[in-house]
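Chemist: The structure follows.
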Amino acid sequence: RRLRLEADLVFGFRTVRWEEVHAETFCSSCVFLQMTLAARNAAAFVPGAAFLQPRHRALQITAAKNSLPLAARKRRTPCAAPKCGGIATMSASAEGIRREAKTGERMRDLEIHVHEDKTSVVFDYTPGKKDIPTVVYLPGFFYARTKTAKPTSLALQCKRKQQGFIVLDYSGTDRSGGDFAHGTVSRWVAEVEAVLDAALERSREKVVLVGSGIGGWIMLHVAQRRPDQVVGLVGLSADPDFTEKLLRPTLSEEQQSTLDKPEGEIELKWGYRTYPIHHALVEDGKKMLVLNGRDSIPVKCPVRLVVGMADEEVPSSLALELVDALQSRDVALEFVKIGDHALEREEDFRLMWRYVCEVSDKYFEFDLGSPASG
């Protein structure tokens, strides 16, 4: 049973329309429902609500009181309910994703293990029509999936179009395991590839990558590694090479000295936020640079870039450099005059979706293998 609800809620000084309630994981002593709103950092909680059991078998989450399932693969996390302190158990079989996938039926909290240390990476997957590329959202730096409105907006739009949708939490963020201090661009690129391999058949199922912030850097590497599968890119405030081009020139001698140490970490005020910056991220960034001159990025699929001219973190000149570096001849860059780094106004969502549809519609294949193809 799924709970669907439509309502007009006034949040701050704007009206937010939301259509779906998402089930989270809960412990044996309390059942707790989190409602995700399509507004920045907006969430409402309803204690004591009935638990929603997903119909697919690839992901089985049980929260019946005093009855936790024994599963071959378990992931134990603190319960989401405030002041509870209980433990929620969820199990997911990544191997059964394709077998159990049904168009339009969301599969939440799927877990796979990546890297030599078997770090858990958690993602959500809603299968769509096979002849339309699946949209894959790559979050920004240090932002968990549930803390931004863009993936929520994308998920709703993809559902209406019956287009597949995937969103993941990088290791060290939100639901995924690992330490954020060990997070690097190369690790996160590997995790995105692992999620694609777990959910999709590479030879047949194509993807459009939507990268926000550092997700825009990650999507460029994934597109280079998978030119046969990635058929379009949409970058939102993309900041490739930011560790060298933007961050390093602003560091003081003391900060630089700290980051030179293997375990070094600093809290850096950047724009309106403070970010944890660590040695591993900066050192790995040197090996993952992509802006190396004209036509230096061997990506040839359609690319759409959206940049806010009021971006407090990334200068607009970086987007122009990225356009010049891409080998693709189908590249469009749009400046939003009053857009900030987050790009989370309703107008920004509509622009994002327009470009996702545009690059998706550019993909087509001729079927020459069947007699009816002509």
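The values are calculated or read from the model by the stated rules, or taken from the named source; none is laboratory data. Not measured: the values here are computed from a predicted model. FYI the Cβ positions are ideal-geometry reconstructions off the backbone, even for glycines, and counts take in every protein chain you see. We work out accessible area using only protein heavy atoms, side chains counted, and drop any ligands, DNA or RNA first. Shrake-Rupley method; radii C 1.70, N 1.55, O 1.52, S 1.80 Å.
Chemist: Of these, Lys261, Lys300, which one is under 21 Å from Cys357 (Cβ atoms) and part of a loop (DSSP other than H, G, I, E, B)? Talk me through it step by step, then tell me what you get.
Modeler: Values: Lys261 fails: under 21 Å from Cys357 (Cβ atoms).
Every option except Lys300 fails the conditions.
Chemist: Is it true that Glu347 is open to solvent by 70 Å² or more (accessible area, probe 1.4 Å) and closer than 25 Å to Thr152 by Cα? Reasoning before the result, please.
Modeler: Numbers: open to solvent by 70 Å² or more (accessible area, probe 1.4 Å): yes; closer than 25 Å to Thr152 by Cα: yes.
When the stated conditions are applied, Glu347 passes them.
Chemist: Here is a further query. Restricting attention to segment 104-135, and to residues there that are in contact with a helix residue (DSSP H, G or I) (Cβ under 7 Å, 6 or more places away or on another chain) and among the hydrophobic types (A, V, I, L, M, F, W, C), which single residue is farthest from Pro276 (Cα to Cα)?
Modeler: Applying the filter and picking the extreme gives Ile132.
Chemist: Do we find that Leu320 is in a helix (DSSP H, G or I) and open to solvent by less than 10 Å² (accessible area, probe 1.4 Å) in this structure?
Modeler: Numbers: in a helix (DSSP H, G or I): yes; open to solvent by less than 10 Å² (accessible area, probe 1.4 Å): no.
Answer is no for this residue.
Chemist: Between a residue in segment 103-119 that is more than 20 Å from Glu205 (Cβ to Cβ) and any residue that is assigned to a loop (DSSP other than H, G, I, E, B) and hydroxyl-bearing (Ser, Thr, Tyr), which pairs come within a Cβ distance under 7 Å, given they are 6 or more apart or on different chains?
Modeler: Between residues of segment 103-119 that are more than 20 Å from Glu205 (Cβ to Cβ) and residues that are assigned to a loop (DSSP other than H, G, I, E, B) and hydroxyl-bearing (Ser, Thr, Tyr), the close pairs are Asp109/Thr25; Thr119/Ser171.
Chemist: Only one of Leu291, Leu281 is surrounded by 15 or more Cβ atoms within 10 Å (Cβ to Cβ), in a loop (DSSP other than H, G, I, E, B) and out of contact with any Cys (no Cβ under 9 Å at 6 or more places or on another chain). Can you tell me which?
Modeler: Working: Leu281 fails: in a loop (DSSP other than H, G, I, E, B).
Of the residues listed, the single one that is surrounded by 15 or more Cβ atoms within 10 Å (Cβ to Cβ), in a loop (DSSP other than H, G, I, E, B) and out of contact with any Cys (no Cβ under 9 Å at 6 or more places or on another chain) is Leu291.
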